[in-house]
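Working notes, beginning with the structure itself.
The values are calculated or read from the model by the stated rules, or taken from the named source; none is laboratory data. These figures come from a predicted structure and were not determined experimentally. Virtual Cβ from ideal backbone geometry, glycine too; neighbours counted across all protein chains shown.
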Amino acid sequence: MNDANEAAARAAARLAAVTEVIARTAKLAGRQASEIELIAVSKTMPPESIQPLIDAGQASFGENRVQEAAGKWPALRTPATRLHLVGQLQSNKAREAVELFDAIHSVDRASLVEALARAQAATGLRRQLFAQVNIGAEDQKGGCAIADLPALLRQAADAGLAVEGLMCVPPADTEAAPFFALAARLARDNGLTRLSMGMSADYETAIMLGATQIRVGTALFGAR
Ligand SMILES: *Cc1c(COP(=O)(O)O)cnc(C)c1O
């Protein structure tokens, strides 16, 4: 096989393996696999690594930087593509993000809520929005404090922003399940119907605990 054929076969096999785990786990949890959106996190991956996954039928992709996504995705995207911003967003890039991404998972502070409201009003675009919560109260992590979530959501509603979901990244190297369970409770208590949680190492656990969006990089692309 040539390189392109090999890349295509590898992408299809990895996608099939992850899809199979999602189906099995959803069944165990008494859920429909179709209600779980697999987001292929393609940060740092070059177009030639992403294209085979698109060709294999993958529609949803995630990036963590606006600049990187702006360089890669206009040429890659198809009508089926759903592009998710899963990294932190600076307020001065809000408009570019609204123009480029279908969903933004990192709404975490008042200034960003204001910037996104202005960007949606100026462009006429309405994106799927997730509030990111700093579920493990870590200094270096993005996300609003758990205690600040209700106020942030109120502010978003007042600004005309429809925040549908909650997003979290639990602390590394600890059991993720308690953090996922806490995120699920916070979402429920705050009337949020979507839960973006679970990465390559823990997406099965996240599905068991109610994830509707899982963000998987390494298991689909190999190591970064
Ligand atoms: C990189 C990244 C992922 C994917 O991580 P993997 O461990 O490679 O699956 C998911 N979510 C966010 C926010 C990320 O930055």
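Listed values, structure above:
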read-out	value
Checklist (1) under 22 Å from Val169 (Cβ atoms); (2) under 14 Å from the mean Cα position of the chain (by Cα); (3) of a type in the set (Ser, Thr, Tyr) applied to Ser111, failing item	(2)
Odd one out for Thr44, checked against (1) surrounded by 15 or more Cβ atoms within 10 Å (Cβ to Cβ); (2) within 15 Å of the ligand (Cβ to nearest atom)	(1)
Pairs, first assigned to a helix (DSSP H, G or I) in the stretch 208-224, second at pLDDT 95 or above and near the ligand (Cβ under 8 Å from one of its atoms), C-beta under 7 Å, six or more apart	Thr218/Ser200; Ala219/Ser200
Residues of the stretch 99-108 classified as surrounded by fewer than 19 Cβ atoms within 10 Å (Cβ to Cβ) and touching a strand residue (DSSP E or B) at 6+ places or on another chain (Cβ under 8 Å), total	1
Selection count, the stretch 78-89, where residues are touching a helix residue (DSSP H, G or I) at 6+ places or on another chain (Cβ under 8 Å) and either more than 16 Å from the ligand (Cβ to nearest atom) or charged (D, E, K, R) (or both)	2
Yes/no for Glu96 being within 15 Å of the ligand (Cβ to nearest atom) and at negative phi	no
Test: residue in the stretch 134-142 that is of a type in the set (A, V, I, L, M, F, W, C) and surrounded by fewer than 16 Cβ atoms within 10 Å (Cβ to Cβ)	yes
Answer residue from the stretch 9-27, given it is over 12 Å from Leu220 (Cα atoms) and touching a helix residue (DSSP H, G or I) at 6+ places or on another chain (Cβ under 7 Å) and is surrounded by the fewest Cβ atoms within 10 Å (Cβ to Cβ) among those	Ala23
Residue under evaluation Ser200, criteria (1) surrounded by fewer than 15 Cβ atoms within 10 Å (Cβ to Cβ); (2) free of Cβ contacts under 8 Å to residues at least 24 places away in the same chain; (3) part of a loop (DSSP other than H, G, I, E, B), criterion not met	(1)
Wholly within the stretch 107-195, helices (runs of 4 or more DSSP H) carrying at least 1 residues that are in contact with an Asp or Glu (Cβ under 9 Å, 6 or more places away or on another chain), within 16 Å of the ligand (Cβ to nearest atom) and touching a residue at least 12 places away in the same chain (Cβ under 8 Å)	177-189
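So that you can scan it fast, the table gives a plain yes or no per residue for (1) at pLDDT 95 or above; (2) in contact with a helix residue (DSSP H, G or I) (Cβ under 7 Å, 6 or more places away or on another chain); (3) basic (Lys, Arg); (4) over 22 Å from Glu37 (Cα atoms):
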{"position": "Asn92", "(1), (2), (3), (4)": "yes, no, no, yes"}
{"position": "His105", "(1), (2), (3), (4)": "yes, no, no, no"}
{"position": "Leu112", "(1), (2), (3), (4)": "yes, yes, no, yes"}
{"position": "Ala115", "(1), (2), (3), (4)": "yes, yes, no, yes"}
{"position": "Arg118", "(1), (2), (3), (4)": "yes, no, yes, yes"}
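Every residue, every condition in (1) surrounded by fewer than 21 Cβ atoms within 10 Å (Cβ to Cβ); (2) among the hydroxyl-bearing types (Ser, Thr, Tyr); (3) farther than 17 Å from Gln155 by Cα; (4) touching a strand residue (DSSP E or B) at 6+ places or on another chain (Cβ under 9 Å), yes or no:
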residue	(1), (2), (3), (4)
Asn64	yes, no, yes, yes
Pro74	yes, no, yes, no
Arg77	yes, no, yes, yes
Arg82	yes, no, yes, yes
Ala97	no, no, yes, yes
Leu112	no, no, no, yes
Arg118	yes, no, no, no
Ala121	yes, no, no, no
Leu125	yes, no, yes, no
